[in-house]
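The values are calculated or read from the model by the stated rules, or taken from the named source; none is laboratory data. Since the structure is predicted, the reported quantities are computational estimates derived from the model, not experimental observations. Glycine gets a Cβ as well: all are built from the backbone with ideal geometry, and neighbour counts include every protein chain shown.
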């Protein structure tokens with residue numbers, strides 16, 4: 001988890017807001033891959049953010065954080081277009 005956290009943290013310029021939206025992918029109870037999971041993390045509270053990420057990773061169906069090594073590999077090998085819901 002720390003590797004994912006620091007990968008995101010290091011990609012954000014110093015002068016930007018110290019906050020980010022971390023997206024993750026999981027498999028729901030119907031075995032459908034869901035992309036919409038996300039948490040907001042603040043860089044000034046390292047321990048709290050790592051605990052949030054560990055909590056998500058321990059949930060049934062969790063697959064990966066989208067910007068992790070596993071996530072980037074998955075999305076490069078599984079090109080899909082996510083279409084917005086039609087009203």
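List of remarks:
- Considering segment 38-56, the residues that are touching a residue at least 12 places away in the same chain (Cβ under 8 Å) and not in a helix (DSSP H, G or I) include one that is farthest from residue 18 (Cα to Cα), namely 38.
- Out of 67, 78, sole residue that is at pLDDT below 85 and in contact with a strand residue (DSSP E or B) (Cβ under 8 Å, 6 or more places away or on another chain): 67
- Filtered residue count, segment 15-37, keeping only those that are without any contact (Cβ under 8 Å) to a residue 24 or more places away in the chain and either loosely packed, with under 13 Cβ neighbours inside 10 Å or assigned to a loop (DSSP other than H, G, I, E, B) (or both): 8
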